[in-house]
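Okay, so here's the structure we're looking at.
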Amino acid sequence: MNKLWVRITLSFFIVLIVGLCMMFFFVDNVNRTTYNAMTSKQLTEESELLESMITKDLLTIRNTKEMFSNLKLPENLRFTIIDKDGRVIFDTDSNIWTMSNHIDRPEIKEAKRKKTTSESYIRQSDTEEIQMMYVAVPITEDGEVIGYVRSSTPLETIEAAAQQKWVSIVIVFTLILVATIISAALLAYKITNPIQKIIEVTERLKKNDYSARINDTFPGELYTLSESVNSLAISLNAHVTEIKDQSKQLESILSNLNTGVILINPEGEIDVINDAALKMINQTRDKILNNDYQESLVKLNVLRDIRHVYKYDEVKTSEVHLYNPEEMILNFYAAPYYGERWEKRGVIVALHDITDIKRLENIRRDFVANVSHELKTPITSIQGFSETLLESGDLPREVEREFLEIIYNESVRLNKLIIDILNLSKIEKHQIRLNETNFDLTELVHTTARPMKRLFKDRNLQLHLPENEEHMLYADKERVAQILVNLLSNAANYTHEGDTVEVKIEETNDSIELSVHDTGAGIPEESLSRLFERFYRVDSARSTADGGTGLGLSIVKHLVELHNASITVDSVEGEYTTFTVTFKK
């Protein structure tokens, strides 16, 4: 800021010096011209005065000298009397006998030619050998030029007078210069001080300090400038705040998206990548961000598609299979993206995890195939035995009864399968509304197990129920009974003769656990993850022989989830299996 003050002051000083110099030369020129004119006029007047006093009779050496001795002439002027032939008759400063003929002098020649006063001439004097100014006036009598009066003065006299004036002018100019410099310095300070404060605020704005403001009031245009800077600061602050908010919103959206998003700039470097994309490609942000996409995304096997988007500005989609270490199926989408003026900004990549969708599609296909298979078996049996009965009218009575029993059993099985499918469909579509009430879970277990005791007895299985201790549960009583029936039926189907099935109830501060434990065949470890799938059977032949549909455990799982509860399985093949349902209090 001091430099600015110095520059402004120096600028004023230079302008002033240039102005004073121009004024100096102008005044000098005017002064010299004016003084020369004044001197020329004086010479003319003095010469004309003398000319009026000289007659033809006085135009002799003796008479002229005598006349001049009686006159009081200006001491600073030199007078010369010349006859019409150019001979010097009298000179106030020099010896006439040493002076040459003056008829060829410029002022004499002009006076002779014009027969009137000549112009003033400045030239080197042959006698005095100095620069002098000359004026010549013709002496006339009866209209005839009889001689000339020439007056002259040295230029040193003019210079001396000019120098005296210049001393006064220089003194005045010096005073003006000092006063102007002081005024310029004060004016520069008045200008630079507000500018300094404005610069300080703009420097803070440049450093992203948008709270900076100009609080002083300045005069004139500086006030308008300060108000403009304050308005700019307010506008910048608002825009930056808006941009930050939008950036945070975008960052929040990207962070919470399940879809992976990757932005690649025109140089092929990754500018943006969200958490979902990092998780999908199993990489860290510092290894991906600002790196070349051809190195960072090589495991996706989509580099050719990205290059295609760069080259042709076309959208590319594909399906990507990854193993991290489990298989993950991604829907890959790449498209060009542009700026406000449609300049190409790079490529945007979207990765959507469709593993669950693919798995559900497979389950749906398997479900359709299983349903078709499960329906086909009883229908085929019913159709076959019915045709046999219709075509053979002389079958023995016992054979007919056997065929009718088979048809009946298969129809019962078919009806049970259809009912289970419908129930499962209703549960999955949340079309079943829970009728929740408070009831004693122990009492429900005993009530539900009572009709099934004959089944356990026929299969030589021992069923142990919990003691009559009250355990109050808030749930849908009918659906909990349905869960228990399916678990007990499943245990009866997979438990060997002579083994035990036990129902337990355990209560904690937060939950009530209902478990069904059997010492039967157990479940292989590889089957545990698929146990609740529709139509999945660990032992397909045995389940079919026992009349199972393969939907019981799937129904159990959905009913448990409908109660916002959980179910777990603990099993060791050949030793035991325990299903535990945990209800929240």
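In this rough spin-label picture, where each label sits 7 Å from Cα along the Cβ direction, the H308-Y333 distance is 1.7 nm. Treating r as the C-beta distance of N291 and S255 and R0 as 22 Å, the FRET efficiency rounds to 0.65. Of the chymotrypsin sites (Phe, Trp or Tyr not before Pro) in segment 283-373, the ones in a loop by DSSP (not H, G, I, E or B) with at most 12 other beta carbons within 10 Å are W342.
In segment 257-353, a dipole from Cβ-located charges (positive for Lys and Arg, negative for Asp and Glu) runs towards its positive end, and of H321, Y310, N258 it is Y310 whose Cα lies farthest in that direction. The length gained by stretching the chain between T380 and S235 to full extension, at 0.36 nm per residue less their Cα-Cα distance, is 44.1 nm.
Shown for segment 257-353: lysine pairs separated by 8 or more places, or found on different chains, whose C-alpha atoms are under 19 Å apart, numbering 6. Compactness of segment 196-275 was expressed as the Cα radius of gyration divided by 2.2 N^0.38 Å, which yields 1.66. For the pair segment 450-513 and segment 74-89, the centres of their Cα atoms are 161 angstrom apart. If a spin label sat at a point 7 angstrom from the Cα of K504 along the line to its beta carbon, the backbone N atoms of segment 467-483 nearer than 16 Å would be those of 467-469. DSSP loop GluC sites (Glu not before Pro) in segment 60-131 with at most 15 other Cβ atoms within 10 Å of their Cβ, which ones? Hits after loop and neighbour filter: E75, E119, E128, E129. Look at the alpha carbon pairs under 8 Å that are at least 6 residues apart: their mean separation over the length of segment 432-584 gives a relative contact order of 23 percent. Under the convention that each Lys and Arg Cβ holds +1 and each Asp and Glu Cβ holds -1, the size of the dipole of segment 432-584 around its Cα centre is about 740 debye. Neighbour counting of Cβ atoms within 10 Å sorts the residues M38, M452, M133, fewest neighbours leading, into M38, M452, M133.
Approximating the spin labels as points 7 Å out from Cα along Cα→Cβ, the F68-to-E156 distance works out to 2.0 nm. Each of S168, S411 was scored by other Cβ atoms within 10 Å of its Cβ. Listed from fewest to most, they are S168, S411.
Among L487, L303, L278, the order by Cβ neighbours within 10 angstrom, fewest to most, reads L303, L278, L487.
Bear in mind these aren't lab numbers, they're just calculated from the coordinates by the rules spelled out. Predicted model only: the values in this text are computed from it and were never measured. Here the Cβ is made from the backbone with ideal geometry for all residues, glycine too, and neighbour counts use every protein chain on show.
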